[in-house]
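Taking it in order: structure first as structure tokens, then the write-up.
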Amino acid sequence: ELKLKKGAIFNVDKLRKDMEFIKYKVADKGYAFTRVTPDFIKDEKTHTTSVVFMVEPGQKVFINNVIISGNNRTLDSVVRRDMYLAPGDLYSLTDMTDSKNALKRTGFFEDVTVDEKRVSVEKMDIIVKVKEAPTGNVLIGGGYGSYDGLIFNAGINDKNIFGSGLNLGFNVEDRKST
């Protein structure tokens, strides 16, 4: 699955992608502080270079705590349900990335950052910082049509009612024929 291929022309972008790929694969096994370093072995006679990846996985890391901040309205439980890692879980870089993306997709937050804070050699805290986004709207309108006459409508909608993550809306329409 690596991008660099034997006999192909060297490409630094492919090297970086391969390093990231290896890091994800190892970090998904619980090694949060994995370091991947390329080593180049040059052959002047054949004008080729071999790339050897040095992987230092370190210790396996477990989640100590998930700390959430910035959610003045949205309940912690709503944020936690989109976090794929919880206290006691083995670290996974893919789950960290997917958690951040899931929180962004809710539409409840303008900005989401998920940071890692090392607590010990084998433990880390996940720091989730969110910035609330407006989730509700009020609609008031009116008009006139030759067929229906006067039309009045009003509505209110919130996709995060009381910070629960539930969607609630109410609309009223009145038609007065002339």
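Overview of results
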item: Under 5 Å, built H, 5+ apart or other chain: amide partners of Leu150; result: Gly145, Lys176, Thr178
item: Proximal aspartates and glutamates relative to Lys117, as straight alpha-carbon distance under 14 Å, when same-chain residues fewer than 8 apart are discounted; result: Asp125
item: Intensity falloff of the chain expressed as log10 I(q)/I(0), Debye formula with alpha-carbon point scatterers, at q = 0.10, 0.12 Å⁻¹; result: -0.62, -0.74
item: Accessible area per residue, Å², the chain with all protein chains present, probe 1.4 Å; result: 67
item: Point-charge dipole on Cβ atoms (K/R +1, D/E -1) for region 1-95, about Cα centre, debye to 20; result: 180
item: Thr46-Arg105 pseudo-label distance in nm [points 7 Å out on the Cα-to-Cβ vector]; result: 4.6
item: Most to least accessible of Thr49, Thr74, Thr97 (protein chains only, probe 1.4 Å); result: Thr49, Thr97, Thr74
item: Nearest-0.05 FRET efficiency for Lys131 and Val172, computed from C-beta distance (R0 30 Å); result: 0.35
item: Between 0 and 90°, nearest 10: helix 93-105 axis offset from the chain longest Cα axis; result: 20
item: Pairwise centroid distance, computed over Cα atoms, of region 66-91 with region 150-169, Å; result: 26
item: Subset of Lys14/Lys100; Lys23/Lys129; Lys17/Lys129; Lys29/Lys60 violating a 19 Å alpha-carbon distance limit; result: Lys14/Lys100; Lys23/Lys129; Lys17/Lys129
item: Pair-distance profile P(r), taking every C-alpha pair of region 35-107, with 5 angstrom steps and integer %; result: 3, 12, 16, 15, 11, 8, 8, 7, 7, 5, 4, 2, 1, 0
item: Charge dipole (the chain, unit charges on Cβ, about Cα centre) - positive-most of Pro134, Asn157, Phe53; result: Phe53
item: Cα-only radius of gyration and Dmax that characterise region 95-136, units Å; result: 12.4, 44
item: Accessible surface of Ser120 - all protein chains present, 1.4 Å probe, nearest 10 Å²; result: 50
item: Protection proxy ranking of 37-46, 110-119, 155-164 - average other beta-carbon atoms within 10 Å, highest first; result: 155-164, 110-119, 37-46
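The values are calculated or read from the model by the stated rules, or taken from the named source; none is laboratory data. Since this is a predicted model, take the numbers as computed values, not measurements. Don't worry about glycine lacking a Cβ; one is built from the backbone with ideal geometry, like all the others, and counts go over all protein chains shown. We work out accessible area using only protein heavy atoms, side chains counted, and drop any ligands, DNA or RNA first. Shrake-Rupley method; radii C 1.70, N 1.55, O 1.52, S 1.80 Å.
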